[in-house]
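The block underneath contains the structure these notes are about, expressed in structure tokens.
Each reported figure results from applying straightforward, stated rules to the coordinates on display, with no laboratory input. Since we're looking at a predicted model, the values are computed, not measured. Here the Cβ positions follow ideal geometry from the backbone for every residue, glycine too, while neighbour counts run over all protein chains shown.
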Amino acid sequence: MALELKSSDNKIFEVEELVAVQSETIKSLVEDGCADNVIPLPNVDSKTLELVLDWCKNHVDMKLDEEKLKEYEDKFIEVDQAVLYDLLLAANYLNIKDLLNRACQKVADMLKGKTPEQIRETLNIVNDFSPEEEEEIRKENLWAFEE
Amino acid sequence: MEGFIDMLPEECVSTILSFTCPTDTFRSSMVSSIFHSAAESDVVWERFLPDDYKDVVSRLVTPLAFTTKKELFLCLCNPVLIDGGRKSFKLEKLFGKISYMLSARELSITWGNDPMQWSWKSIPQSRFPEVAELRTTCWLEIRGKINTQILSPMTRYGVYLIMKISNRAYGLDSIPSEMLVEVGNKVCNGMTHLRHEDGKKQQMECLFYRNRTEVLRKRVIEGTERFLSEREDGWMEIELGEFFSSEAYEEVKMSLMEVKGYQLKGGLIIEGIEVRPIYRFMKECLR
């Protein structure tokens, strides 16, 4: 059985139910009988949705081949930061646990062993603490900065 | 370039942090207010706590007061007594790796129940209700065991006998003691002289007793020679050996024996055996 998904930029994707229900969000829509018409996904653009659906399809196809799947996942997640966050947000919104975990793991790897300044630089984050707040937190976490 | 991560809901940031380690999480909490808030979440600290933490908490001698998983983690970074005071448990704070200390009561001390040979008493410097003091024996054999199931997986562990040598000690260092750590078919041998390192005294002994020392030493299994070192808590420790906790559940057998000298010895006070992750291996993970 095929389902129709519509991205935020109005592109329609026809997908097999088995593939689409990797998303817990879509799965509950199907179970509630709300999936007869086109399912709108206003939070996911077509570019990201295409990637997400590729992930889902491969997870159905390679279900029994752990090694092949791992190889696919490692290659899949080698994307630049902008795409990575789009995938993360889509996986969160569509509730696709393994994609969410893999994307989070990728971001986590970017944080490892870095100082707060280095983390801000890598992820383009603005420091929104006042100097007093920053000093207080530094004191709280002093031991994390020891060798 | 825009800060993409600012678009992520806080719970996603918590999930990301849960894939790092306690050290990285504390550093990240300084990055911005969203990171600080996400770093407090139970989602993060639940992952850093050991899988069996609920079981460990249920076996505490003194219940801990905590409201968040982070607070529990920090509490457990100090040694806590479990199992009626027979063992102590601790997490190391960098990665949340597990360490245990088995009290003397938890070990098998040959002739430990003979009051002529060993006396059991309570002393303020001990974390446990009792320590074992050697009065006199010709057969010194101390054994302990622990299953890797309760330890952190894929971790290099060191095994240490925690003890003191009293001022009235005698006969302990006539011949080296043999130490062993065995897991599955992997064996780690070692030997040590149970004595405080006193360079001058040892030099004199070497001069007068060299022949005898060498004859006695030949009775002992060859292994890496190790030396007593002082701990921060006032006790001494000697490394019995090391092992790697693989994914399989295995029994680790640990022992110290001096049974080939036949001379009487006494004055050894046993606090227990500690099994803890080896720091130098963990430091490498931080880079």
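Which listed residue (A:56, A:89, A:13) has the Cα farthest towards the positive end of the charge dipole for region A:1-115, taking +1 on Lys and Arg C-beta and -1 on Asp and Glu C-beta about the Cα centre?
A:89
Could you name the aspartates and glutamates in cross-link range of residue A:47, using Cα to Cα under 12 Å and dropping any fewer than eight places away on the same chain?
Answer for residue A:47, where 12 Å is the Cα cut-off: A:9, A:86, listed by chain and number.
Per residue of region A:4-19, what does 6.51 cos²θ - 1.76 cosθ + 1.60 with θ = phi - 60° give for ³J(HN,Hα)? Whole Hz please, x for Gly and Pro, Karplus curve as stated.
Residue by residue, region A:4-19 yields 10, 10, 10, 7, 4, 9, 6, 9, 9, 10, 9, 9, 5, 4, 4, 6 Hz.
How many Cβ atoms of partner chains, on average, are near each residue of B:7-15 if near means within 10 Å of its Cβ?
So the per-residue partner count for this stretch is 4.
Can you give the longest stretch of chain B with no exposed loop site, where a site means GluC sites (Glu not before Pro) in a DSSP loop (not H, G, I, E or B) with at most 13 other C-beta atoms within 10 Å?
Longest run free of exposed loop sites: B:3-196.
Amide H to amide H, which residues 5 or more places from residue B:146 or on other chains are under 5 Å from it, using H placed in the peptide plane?
Result for residue B:146 returns B:252.
Using each residue's phi in region B:110-126, evaluate 6.51 cos²θ - 1.76 cosθ + 1.60 at θ = phi - 60° and report the 3J(HN,Hα) Karplus result to the nearest Hz, with x for Gly and Pro.
Result, rounded to whole Hz: 4, 6, x, 8, 8, x, 6, 9, 10, 10, 10, 8, 9, 10, x, 6, 8.
What chymotrypsin sites (Phe, Trp or Tyr not before Pro) in region B:129-175 are in a loop by DSSP, with at most 15 other Cβ atoms within 10 Å of the Cβ?
Values: sites: B:139, B:157, B:160, B:170; in loops: B:139.
Passing both the DSSP loop test and the Cβ count: B:139.
Over 36 Å, how big is the tail of the calculated P(r) for the protein assembly as shown, in percent of all Cα pairs?
Distances greater than 36 Å cover 46 percent of the Cα pairs.
In whole Å, what is the distance between the alpha-carbon centres of region B:24-85 and region B:100-169?
About 29 Å separates the Cα centre of region B:24-85 from the one of region B:100-169.
Please determine, in degrees from 0 to 90 and to the nearest 10, the orientation of helix A:131-140 with respect to the longest principal axis defined by the Cα atoms of chain A, where the helix direction is its Cα long axis.
Relative to chain A, helix A:131-140 is tipped by roughly 90 degrees.
So for region A:1-64, what percent of the C-alpha to C-alpha distances run longer than 13 Å?
The share of Cα pairs beyond 13 Å in region A:1-64 comes to 60 percent.
For residue B:69, list the aspartates and glutamates whose Cα falls under 12 Å from its own Cα; do not include residues on the same chain fewer than 8 positions away.
Cross-link targets: B:40, B:42, B:46.
Are any of the pairs A:27/A:70; A:70/A:114; A:75/A:97; A:68/B:93; A:70/B:93 more than 29 Å apart by Cα-Cα distance, and if so, which?
On the way: A:27/A:70 24 Å; A:70/A:114 27 Å; A:75/A:97 18 Å; A:68/B:93 36 Å; A:70/B:93 31 Å.
Checking Cα-Cα distances, A:68/B:93; A:70/B:93 exceed 29 Å.
Determine the distance separating the Cα centre of region A:28-89 from the Cα centre of region B:251-270; give it in Å without decimals.
When both Cα centres are located, 62 Å separates them.
Expressed as cubic angstrom per residue, what is the convex hull volume of the alpha carbon set of chain B?
Here the figure is 161 Å³ per residue.
Leaving out same-chain residues fewer than 8 places away, which lysines sit with a Cα under 27 Å from that of residue B:121?
In chain and number order, the partners are B:87, B:90, B:145, B:164, B:253, B:265.
Would you kindly state the longest site-free stretch of chain A, with sites defined as trypsin sites (Lys or Arg not before Pro) in a DSSP loop (not H, G, I, E, B) surrounded by at most 13 other Cβ atoms within 10 Å?
Within chain A, the longest run free of exposed trypsin sites (Lys or Arg not before Pro) spans A:64-147.
Can you pull the Kirkwood radius for region B:35-154, inverse mean 1/r over Cα pairs, to one decimal in Å?
Taking the inverse mean of 1/r over all distinct Cα pairs, region B:35-154 comes out at 16.4 Å.
Pairwise over distinct Cα atoms, reciprocal of the mean inverse distance: report the Kirkwood radius of region B:1-98 in Å, one decimal place. If you can, show how the numbers build up before the last one.
Details: mean 1/r = 0.0696 Å⁻¹.
In region B:1-98 this quantity evaluates to 14.4 Å.
Apply the Karplus curve 6.51 cos²θ - 1.76 cosθ + 1.60, θ = phi - 60°, to the phi angles in region B:172-177 and return the couplings in whole Hz, x for Gly and Pro.
Coupling constants for region B:172-177: 6, 10, 4, 9, x, 8 Hz.
Using packing as a proxy for protection, rank B:259-267, B:21-29 so that the peptide with the highest average count of other Cβ atoms within 10 Å comes first.
So the peptides B:259-267, B:21-29, ranked by packing, come out B:21-29, B:259-267.
Which log10 I(q)/I(0) values, to two decimals, does chain A give at q = 0.15 Å⁻¹ under the Debye formula with one point per Cα?
Log10 I(q)/I(0), no solvent term: -0.83.
Using the Kirkwood radius over C-alpha pairs as Rh, can you work out the diffusion coefficient of region A:39-112 via Stokes-Einstein at 25 °C, viscosity 0.890 mPa s, in µm² per second?
193 µm²/s
Over chain B, what is the relative contact order in percent, taking alpha-carbon pairs closer than 8 angstrom and at least six residues apart?
On the way: 574 pairs, mean separation 61.7, N = 287.
Dividing the mean separation by the residue count of chain B yields 22 percent.
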